[in-house]
1. Out of the DSSP beta bridges found with both residues in the chain, what percent are antiparallel (nearest 5)?
2. Quick one: P(r) of segment 67-152 from all Cα-Cα pairs, 5 Å bins, percents rounded to integers, in order of increasing distance.
3. What number comes out for the charge environment of ALA203, summing +1 per Lys or Arg and -1 per Asp or Glu over other residues with Cβ under 12 Å away?
4. Of THR62, THR363, THR204, which is the most mobile in a GNM of the chain whose springs link Cα atoms less than 10 angstrom apart?
5. Under a cut-off of 19 Å between alpha-carbon atoms, report the lysines in cross-link reach of LYS176, not counting same-chain residues fewer than 8 places apart.
6. Would you kindly derive the ³J(HN,Hα) couplings of segment 263-278 from the backbone phi angles with the Karplus curve 6.51 cos²θ - 1.76 cosθ + 1.60 (θ = phi - 60°), listing them in order in whole Hz, with x for Gly and Pro?
7. If you place +1 on the Cβ of every Lys and Arg and -1 on the Cβ of every Asp and Glu, how big does the dipole about the Cα centre of segment 299-373 come out, in debye to the nearest 20?
8. On a straight-distance basis, which lysines could pair with LYS361 in a cross-link, Cα separation under 30 angstrom, same-chain partners fewer than 8 positions away excluded?
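The values are calculated or read from the model by the stated rules, or taken from the named source; none is laboratory data. For clarity, every value in this text was computed on a predicted model and none was experimentally measured. Every residue, glycine as well, gets a Cβ built from its backbone with ideal geometry; the counts of neighbours run over all protein chains shown. Just the protein is used for accessible areas: all its heavy atoms, side chains included, with ligands, DNA and RNA removed. Shrake-Rupley method; radii C 1.70, N 1.55, O 1.52, S 1.80 Å.
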Amino acid sequence: MGADVLHPGYFTAGLAETDPEIAAAIDDELTRQREVVELIASENIVSRAVLEAQGSVLTNKTVEGYPGARYHGGAVNVDAVERLAIARAGKLFGCRFANVQPHSGSQANQAVFQALLQPGDAVLGMALSAGGHLSHGASFNMSGRHFAASHYGVRRQDGRIDYDAVARLAEETRPKLIVAGGSSYPPAIDFARFRAVADAVGATLLVDMAHFAGLVAGGAHPSPFPHAHVVTTTTYKSLRGARGGIILGDDEALMKRIDAAIFPGVQGSPLLHGLAAKAACLGEALKPAFRAYAEAVLANARALAATLMDKGYDVVSGGTDTPIVLVDLRRQGLKGNAASDSLERAGIPCNKNAVPFDTEKPTVTSGLRFGSSAATTRGFGVAEFRLVGAKIVQVLDGLARDPTGNGALEAAVFVEVRELTARFPIYGAV
Ligand code: DSN
């Protein structure tokens, strides 16, 4: 009896036929992605090839362990995929070892903590409120609950890390691990300075380059190597891949501990379809065209920052060296939540974000975080980012003037946004 008798259409019918509700939601999401100017800094638009790898039959396969040393049989093809992903990650970032199994950036960071620390050990990371990430020791995250986390911030006058203050904190708290990097810190980080601080107290230096990894890959941002002992990243922001994480390093003994921390320490079976998608995105990032993409992401973010500043908006740190632009709305008297809702209704999704020394709750905030990676992928250049910056200002100025009556302006801007995005189609013209 074939599968078709037991469950007709199982291997042949598509989602629209078998589950119209889910198919409709996915179709609607494609329409949304086609129409809006996506400025959420942790998003991108993957290639058709990456999409194909992510949706491949590798989702049927389960293994545990690493290539050549699996706990399940039938691993020959996924071994080849994982070996390619490892080799490509090492070549792209110029390091000797890579673990490509983390399901996410948070799990990559968890594995580093698990590999290098005992519960209760001291760690030092950037405060969430200053632009750090949950997994860098936030009190409500595993990294802050199980470890003695201290935090450095940024200077009030320029929104930048005070490296002398980091050095003092490290002397006081004697961390075993120092984390550099964050989720909303636009300037470049002085990796050499962090390494000097780490060396002075005998700490390991972890650089989390999730937001600017694509720029490092494309030569548009300094590399954390050789300064970092270990580097984590996600694959789906400026690196332009499907969702997932990677851990990189040059120290064989340390990376062996990381491997054991990912499996069996933090995760079980890797997501093999995701692993193939990572390999595909790394392959794309190794091609010469990716360098032009990385340079454009940076130029576009800077064009957006400059446009907003020209119109009187405060951009934290006065610009950016990454895809991130962080806007402080306090001068306009706006809250981040209302501002992001208004921009979403105008077809420009972004996220509300705390700014340094914010007094609003995380669900409200006084800021907005923009990222240039996704719109750059669809072909936007500096001219389009200036135009989008002007539209953002139009919407936000309107909201500041009339907090409850901005609907007509939002709708008018969305019409212009649709006209703009229609000129830069994704996944084929409609
Ligand atoms: N780390 C989160 C962010 O920056 O939005 C998700 O990737």
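1. Given both bridge residues lie in the chain, the antiparallel proportion sits at roughly 60 percent.
2. 3, 13, 18, 16, 14, 13, 12, 8, 3, 0
3. Summing Lys/Arg as +1 and Asp/Glu as -1 gives 0.
4. THR363
5. Once the sequence-local lysines are set aside, what remains near LYS176 is LYS256.
6. 10, x, x, 10, 10, x, 6, x, 7, 6, 5, x, 5, 5, 5, 4
7. It works out to roughly 120 debye.
8. LYS361 reaches LYS237, LYS311, LYS335, LYS352, LYS391.
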